[in-house]
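Below is one structure; the comments refer to it alone.
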Amino acid sequence: MSLQYALVGDMSWQKRAEWQTPDTPFMSFAFWQALSDTGAIGEQAGWLPIFVLVYRQNEVDADTDAAIDNSSNNSDNKDDTALMQPVAVMPVFVKGHHQGEFVFDHSWAEAYARYGIDYYPRLVTSAPYTPVTGERFWLVQGESLSDNIIQTAIAGVDDIAQQVGASGWHGLFVTPKLAKLATAETPIIPSTDEIDNIIQGRNAGLDKASLNTPMLERQGCQFLWQNKNLTEGEQPFTDFDDFLMTLKAKKRKTIRAERRKVAEQGIICYRKCGDDITDADWKAFYHCYVMTYAVRGQQPYLSIDFFMALAQSMPEHLFLAQAFDSNGEIIASSLFLYDVPESKDESSTATLYGRYWGALGEYDSLHFELCYYQGIEFAIEQGLTYFDPGTQGEHKLIRGFIPTKTHSLHRIYDPRFVPAIANFCSEDRMRMAQYRQQAHEALPFNVDNMPDFDVNA
């Protein structure tokens, strides 16, 4: 049975099916509810959500209470007795800015502006404020991501774009599988003649929508720690020192020196999880978090209410590292989310995500301790396989975080800009491949623990 889509403005569709456990905590319903309830997403925040509901259509008795008005989807069948059987949902945001995205297209916006063309609104699919690779679909139990689901969802995206006049759609930090399926066909870049036909209107009825809008891919680089001792058959590390022994002697010495510097300042670090994190801890964490933005003259994206909501709805995914000075006062905090291995289809993918950090002052090496070394120790203790400490930062590289490819998808609706942006994406992929290789060569591991580099991985 063919798939269809409907556009929905709220998350009421959750109640209409049993949904699979998402691949990261950032796609959990609890996380999204906290974003919505605290105003982090919504029209006022500039993150207006529209959900593309992919469904199969079944016929039911006209008197059934489950009959649904199907007028907002792309089906020609407007029978009020049609029942939507959900298959998957993809979130789409209508945005007038780039805040909280971490894949930057400012130069594209500037190019539009030079030609006097609106780049806004634009459409974005992502986990808001979260540069974490993951599936961008909620899937019903028993379903798996397929080309049919993706293409149906993209048809919904195109519908939204037409309704709001969006310049394009951007799918950020998507999984390699989603990137591969979405770009399976070679992009068809419009020719100069086709573009001229649109501009000059020589062909009756020819407009932007009549061309095959290509799906373009960009690639980036993040740094990912792996809980694998290659000299021990890729077994997990037993402790932090076990990890250190896989590094070159000079790097081991540097990390040990950094940890000593923290202790020599009279700073003591503690770790807390879930329900052990008190309201006082949350307030102290948020004070530190706000200070990170304040030193740059900015306001934080997320409120204390957001973090308190997470504490109530998903405590099993929360880990807080705290730094205390010699007076017993909290001077820095780092909040992590993590996968619960038992809830994953394959526990070998369980990951720690370093996300939110702040300090009340400048302390030598404390950022490295609280954001990286405490995280590595926690990942080892919990048996997590990966530690994603966040975007950017070559300082992560020399501390054992491996360069890893990231993917984003881009669909540009104005054909006049497609050739230049497609060329930019192609050249950018080559630049990033070279960067990842150079970064890989700079890894601090000794010869026996040096992971292989695969440009295609």
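A few points about this structure:
- The chain: calculated mean residue ellipticity at 222 nm from DSSP helix runs of at least 4, using -39500 (n - 2.57): -9000 deg cm²/dmol
- Global geometry of segment 407-457, whether rounded, prolate or oblate, following the gyration tensor of its Cα atoms and the 1.5 cut on a/c: prolate
- Taking the charge dipole of segment 4-182 about its Cα centre, with +1 at Lys and Arg Cβ atoms and -1 at Asp and Glu Cβ atoms, the residue from Ala34, Val140, Ala127 reaching farthest to the positive side is Ala127.
- Pairs spanning more than 25 Å between alpha-carbon atoms, out of Lys15/Lys283; Lys180/Lys248; Lys248/Lys396; Lys228/Lys396; Lys272/Lys396: Lys15/Lys283; Lys180/Lys248.
- Matching label, mean projected area of the Cα convex hull in nm² computed from the structure shown, candidates (i) 24.5; (ii) 34.4; (iii) 30.3: (i)
- By DSSP, the beta bridges lying fully in the chain are antiparallel in about 90 percent of cases.
- Fraction of alpha-carbon pairs over 23 Å apart in segment 4-182 - percent: 43
- Dipole of the chain, positive end: most advanced residue of Leu397, Phe51, Gln312 [Cβ charges, Cα centre]: Leu397
- Gyration tensor (alpha-carbon) shape descriptor, segment 228-384, a/c threshold 1.5: oblate
- Cβ charges +1 (Lys, Arg) and -1 (Asp, Glu), total dipole of segment 4-182, debye: 720
- Sequence-distant lysines (8 or more away, or on other chains) whose Cα lies within less than 16 Å of Lys261: Lys251, Lys253
- When the trypsin sites (Lys or Arg not before Pro) in segment 252-305 are filtered for DSSP coil states and for at most 13 other beta-carbon atoms within 10 Å of their beta-carbon, the remaining sites are Arg296.
- Take every pair of alpha-carbon atoms less than 8 Å apart whose residues are at least six positions apart; their mean separation over the length of segment 4-182 yields a relative contact order of 25 percent.
Each value in this text was obtained by applying a stated rule to the coordinates, not by laboratory testing. Just so it is clear, the model here is predicted, and its values are computed rather than measured. FYI the Cβ positions are ideal-geometry reconstructions off the backbone, even for glycines, and counts take in every protein chain you see.
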